[in-house]
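Written below as structure tokens is the structure these notes are about.
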Amino acid sequence: MARRLAGALLTLVGVSLLVFLVLRVIPGNQITASLGTESGVLTPEQLASLRSYYGLNQPLPLQYLDWLANVCTGNLGLSLRSGQSVSAMTAASLPVTLELALLATAFGFVLGVGLGMLSASKPNGVRDALGQGVGLLALAIPSFVIASALVSYLAAKFGYFPNALPYAAPWEDPLLNIQQLMFPALVLGFGVAAPVMRTTRSAIIEVSSLDFVRTARGKGVSPRQVAFRHVLRNAMIPIVTATGIQFGYLLGGAVIVEQIFALPGIGRQVLNGILQREYAVVQSSVLIIAAAFVVVNLLVDVLYRQIDPRVRAE
Amino acid sequence: MSEVGVAIRLPSAATAPTREPWWQRLLASRSGAVGAALTGAVLLAALAALAGLVPHDPIVQHPADRLLSPSWTYLLGTDQFGRDTLARCMAGAAASLQVSLLAVGLATVVGTTIGVIAGWYGGWIDLVAMRLTDVFFAFPAILLALTVVAALGRGWFNVAIAIAIVYTPIFVRMARAPVLSLREAQYVLAGRLLGFSVPRLLLRHVLPNISSIVIVQITLALSWAILTESSLSFLGLGQPPPAPSLGQMVSEAKSLAVVAPWTLFAPALVIVIAVVGLNLLGDGLRDALDPTQER
Amino acid sequence: MKQSSLIRSGIGLLIGLAMAVTACGGNSNSTSSTKVGGILVVGRTADIDLLDPHKATAFQTVQSLEQIYDTLVGFDSNLNLIPRLATKWTYSDNNQTVTLNLRTGVKFQDGTPFSSADVAATLTRILDPKTAAVARSNIALISSVDTPDANTVILHLSSPNVAVVTAMADDNTAILSAKDIAAGTVNTAPNGTGPFKFSKWTPNQQLELVRNPTYWGPKPPLDGITFRVIPDENSVVSALESGNVQLGVLSDPLAAKSAQAGGLHIDKTPQLSYHVFQLNASRPALKDVNVRLAISCAIDRKQVLDTAALGEGAVTGPITSPAYLSDPNDRPCPSRDLTKAKAYMATAGKSAGITLDAIVETGEYATAVNEMQNVQAQLKDINVTLNIEILESGAYVQRWLAANFDAAIALNGGRPDPETMYGRYFTSTGSLNKVAAYSSPKLDTLFQQGRTEPDVTKRKAIYKQISEELEQNAPWVWMFTGFNYNVETTKVHGFTPMSTGSLIFLRETSLG
Amino acid sequence: MEPLLKVSDLSVVSSGREGRQEIVRGVSFEVREAESVALVGESGSGKSLTMLAVMGLLGPGLSSPTGEVRFGGRELRGMPEGELRQLRGAELSMIYQDPMTSLNPMMRIGDQVAETLTAHGTGESEASRRARKELARVGIPDPDRTARSYPHEFSGGMRQRAMIATALVAGPRLLIADEPTTALDVTIQQQILALVRERQRSDRMATIWISHDLGVVAQLVTRVLVMYAGRIVEDAPVRELFAAPQHPYTAALLASLPHAGDLVRAPLAQIGGVPPAPGSVPSGCSFRPRCPQAVEKCLEDPALMPRNSSLAACWVPREEWK
């Protein structure tokens, strides 16, 4: 386990380096981003004072090191535009994306496994085509199309757009929170359901042909028990892997749905950071998304151990 | 997004009856046939566009014919510049496929090579490769593509590079897994005993065995590339107009959905056909190519 | 594998899921129209980015801070100057001295009384290069500020200028309290004299303002204003339809069109900012005025407006300030004239055609890329080929500032006074002349006269000449001005939209 | 008295990609209460599929269009799935060839044994108690620890014992053993065979031994059925079969067996040719191409004919063999 933690740490350092370099490569900096065309009006000495204010005058390696040092001490830097500390911003935005990703993954998992079992029940049969069709359709329609159509339909038809109200944290107003996250999670859930469905289908077909399933049927075990205790249980490993990966992608990938549903998630925080050239915001937020992703992978590994006794033995 | 982790079944010694060529088996299976049909249709439309066989020029504007609903002259209606949506869908399909094929091609070659080498040699090569892929996996895909395009600037080539960078790690991890187990397989050991050179071993024995997995991954990655390209366009980072790409058309048409819904449904439908087609084709190929598949 | 077992369990899962979704959706409309008392919720796509009015450039930030702070003077709905914290202002000493009489009995929201010392401290802060204040260039000619008594301020100008008071209407010259400037709490604890007070800011979500009980002016009907961030314009329309937001600020004409379908009240006011196709006259291909005139004649402005912005806007001349509005037909080719354009190209010896690198920005406003596509198509008719380069806003601004382009589609900010609008572009000493890439002795003298002429009718004549000079030499091709869209639900009364997009009249708006 | 199991004209057909192929071509036989019978034949002769068809456990791509299967006086073929399920594990039960894959790797062994009982209505605690008792009866040391552990923690022999426990815990009247010892090494093989034989006697349980090795089953059964290319070619009491095989194929099989008494190191006799693949079975007697006694008559399809106290599907009586 220790080896895995070391590996995870190394990954995070890699991510921090990557995001730091990529941001420096993008043309334009904080000044042009904030002042826009007005920044042409700045006199040379104004420009110099601003550069130092944004810390742009230090040599690159120094900027990287002192940022990393700050991160290790928990100071994720400051959003110079809003005067907000990045850790405060992230403390507000990460839970939103995490909850959204969790709900979407749960929904996607249930739908994906349901459809996967449905289509695996009769390989290459009508049910198979139906299950695959629905799954692939969910995958194929771009999420922003579904999201915008859903939002405008619900608002125009029922005057129902809970996301117009400020974001309510689950502990503040659980009912409103669920209503605000239900539909975005539904949209993202489809994206999760498709790969989970396809993995479930192929895993179930494969496991169903194994000998111990025939043994179970030979013992007179009911079909439902055979489906869940024997087949699904053994098919869990690839399914959990696929679901874990999808959860990881949602952390960064939900930015479009966060835009349309006005959810103050971390995806949007990074996108705004990139557009406004807020280096501190982007670097720290991406690092935290990466950390969350790495933690999810570790959790998936731990989950393996719980599911598969053979792995637990090692 | 990928079926990483699916149990690898080594070909059993069952004496399979003489098999027809793989493509016959592909077309025989339901998903293979439907997949090939759909993907073929999109490919045909794209090639037709490249060959100029389009009802109207996809770029020339006819302001007088703005926002016309589907009619016999404009089968799928026109957009706000009076350009024919059908022609743009065909040209868009060509553009999107162009980006996806390049991106996935790059990702496959680079990713699979690194994966195989990492899997085969192990040791620190494997460690470095794995850490690198973790870094790219941990880095949110859309944001990685976003920053790459913002850095390199637009153009379909840069969009393809961005998507390739996002997918390479998937191919690395997907190719490495089977090589780890194949390395210990008897017949590979036998090959090593017989003194085959490593490249020969890799090419003749290892690659064919993971070819079915790679091919399935390619079709899946192609469908994902098309979707990523459309998301990039939605964020304003897709291919530059006036040349259309499916993603660009969908994101542009999003705000026209009320005024001219056909400008949205046409490209979205082409994306759906392409993605569903490619995924089913992937399934069909996997069944057709996998020697262990009796059914 | 027994099929029946799998089917039943698969379907069971699906049904369970479906019921869960519908059950939650059931009691949905209980929260749709909760309007808390007199709080007006404004929906818009971007959040304010900072609290310091002197540094605010983002449109939405200026719009919010103008509720908290007052400026010395302001504009009425027709953009005529009206008194605010300054009740009277007189030019003297050959327009090189301005005396301002201040309103008495005014308090800051934290209770400290307002006096001339605050005005002096504010102006000094703006003029100080270290602050990097946005309005600095517009009032740079103030050499010194005197405060003979608590209610009078005298400005000494380095050169005669009648536009300096108008510049004081700019929100970037908001009056701060000297105490706050000294304490440096300007960007953290907003404290102005305006009708609404800062209450709470949740970044990326909303800014909440409440009524200022000690406001010197008429008591605002609203208990408070909440500016809510909804990043997608179509979602803003949906929020309005759901009643959770009562006033929406939109820029995308397509989204506005969908709002019309939603039965909402839409205020379309022509913007001051103008959509322009800038030509870089310093580049060899565009040095010859004939080529520029050919391009100007080859572009049908109405077609660009109709295709790129679905006709949501009006064709415009160079000056968009209402008081000095240019006549859009007062140009070499009032409507598209290909023969004349080709003739110009022939005189320039460029009938074979030229190729231009054109840059355009994506992300900030929706229609830019579409405008470029239409202009590109139109210019093909005179063999002018545009190589489009779409840049993300950061990269665009850098290329634009460095004038590193042959041509550029741009949306430049308009100002109520043409001097502050074009002085820095088309005068040889202007800070953005490099970007405009055109100036002439005639324009220099005209701008100098305009700057110093106190009589309004004479100033109008001067700027009419400037407008003609710009159209005759076509450094830029002015195309159209869009609209500011303020979309209101039926519950909003008494709101007056402004062409500057300002929401200053929220202080007169009521809900109910 | 009606036999415990009566199978008549049973067939199994595969409908894979290579089209429909008959694998089991009309098999009939009987098994009486507490009788132990062997079903012998080369691999690919369809013996396992015959038994799977009897149990109703044919996988996808396989079907059994014709045939009757009467068990304990009831016809299994038309029986609704729910009822058939009641019989499986309780009345008739099966153990399989490969212990490594026949147990669910994710479930504790105790639970898998108990599951046979819970599937037929026994309470959880009662089932696990009897499961532990059964594990002891099949000779597994420390049944409590075994019950809690997982299949991968045990050797092939131990797993096969656990397999047998799951099959016998409910006291079935008929046990079908599909080559249970083939995957084990010889010493363990003998222990497993002895275990089953002992349970056969003590529980008066009927057994059908499927094997490709006549030597192994000889000591276990009273009667032997020989299968070739999807058909039963000989059905004889074990002594008569060894003494005087009535079908040339059986004779050839016996000739290829090493006898303990052989001193001469001569190579074992081999049967020429290869058993026909399912799709390409010759007309008439399927053994004809490889049969030394083949005559003109053999072009006709022989049915099982009485020969002394056995049945043989061969036109040429033993006496006339060359």
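A short reminder: the numbers here are calculations on the coordinates, not readings from a lab. The structure presented is a predicted model; accordingly, all values stated were derived computationally and were not measured. Here Cβ is always computed from backbone atoms with ideal geometry, including for glycine, and neighbour counts include all displayed protein chains.
So here's what we get for this one:
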{"item": "Förster radius 51 Å - calculated FRET efficiency between A:Q306 and B:V259, Cβ distance, rounded to 0.05", "result": "0.45"}
{"item": "Gaussian network model of chain B, Cα within-10 Å springs - most flexible of B:A138, B:A175, B:A162", "result": "B:A138"}
{"item": "Those lysines that a straight Cα-Cα span of less than 17 Å connects to B:K254, excepting residues fewer than 8 apart in one chain", "result": "C:K257"}
{"item": "Farthest toward positive dipole pole in chain C [+1 Lys/Arg, -1 Asp/Glu at C-beta], among C:L443, C:G482, C:I295", "result": "C:G482"}
{"item": "Förster-model FRET efficiency, 25 Å R0, D:F242 and D:S8, C-beta, rounded to 0.05", "result": "0.40"}
{"item": "Dipole-positive endmost among A:A88, A:G125, A:G77 within region A:48-186 (Cβ charges, Cα centre)", "result": "A:G125"}
{"item": "Sites C:A314 and B:L180, calculated FRET efficiency, Cβ-Cβ separation with R0 56 Å, nearest 0.05", "result": "0.25"}
{"item": "Percent RCO, i.e. relative contact order, over chain D, from Cα pairs under 8 Å lying at least 6 residues apart", "result": "20 percent"}
{"item": "Spacing of the two label points (7 Å from each Cα toward its C-beta) at C:K287 and A:V126, in nm", "result": "7.8 nm"}
{"item": "Contour minus Cα-Cα distance for C:N78 and C:A323 (0.36 nm per residue)", "result": "87.4 nm"}
{"item": "Between 0 and 90°, nearest 10: helix D:109-118 axis offset from chain D longest Cα axis", "result": "80 degrees"}
{"item": "Chymotrypsin sites (Phe, Trp or Tyr not before Pro) within region A:165-263: DSSP coil, no more than 12 neighbouring Cβ in 10 Å", "result": "A:W171"}
{"item": "Farthest positive-ward along region B:90-289 dipole, Cα basis, beta-carbon charges - from B:P240, B:V128, B:L106", "result": "B:V128"}
{"item": "Within straight-line cross-link reach of C:K491, aspartates and glutamates at Cα separation under 13 Å, skipping those fewer than 8 residues along the same chain", "result": "C:E241"}
{"item": "Gap separating the Cα centres of region B:135-163 and region A:165-224, nearest whole Å", "result": "31 Å"}
{"item": "Point-charge dipole on Cβ atoms (K/R +1, D/E -1) for the protein assembly as shown, about Cα centre, debye to 20", "result": "2600 debye"}
{"item": "Additional length obtainable on full extension of the chain from C:T90 to C:K434, 0.36 nm per residue less Cα span", "result": "120.3 nm"}
{"item": "Within region B:90-289: Cβ-based charge dipole about Cα centre, in debye rounded to nearest 20 (Lys, Arg +1; Asp, Glu -1)", "result": "420 debye"}
{"item": "Where labels lie 7 Å past Cα in the beta-carbon direction, separation of B:Y121 and D:L58 in nm", "result": "5.4 nm"}
{"item": "Virtual spin-label span in nm between A:Q58 and D:S155, 7 Å along Cα→Cβ", "result": "6.7 nm"}
{"item": "Restraint check, A:K157/C:K302; C:K88/C:K219; C:K302/C:K342, Cα-Cα greater than 28 Å", "result": "A:K157/C:K302"}
{"item": "Extension gain, C:A352 back to C:R336 (0.36 nm per residue minus Cα-Cα distance, nm)", "result": "3.8 nm"}
{"item": "Under 5 Å, built H, 5+ apart or other chain: amide partners of C:F480", "result": "C:H275, C:T316"}
{"item": "Centre separation in Å (Cα based) which lies between region B:103-120 and region D:1-43", "result": "52 Å"}
{"item": "Cα centroid separation - region A:8-27 against region C:321-357, whole Å", "result": "50 Å"}
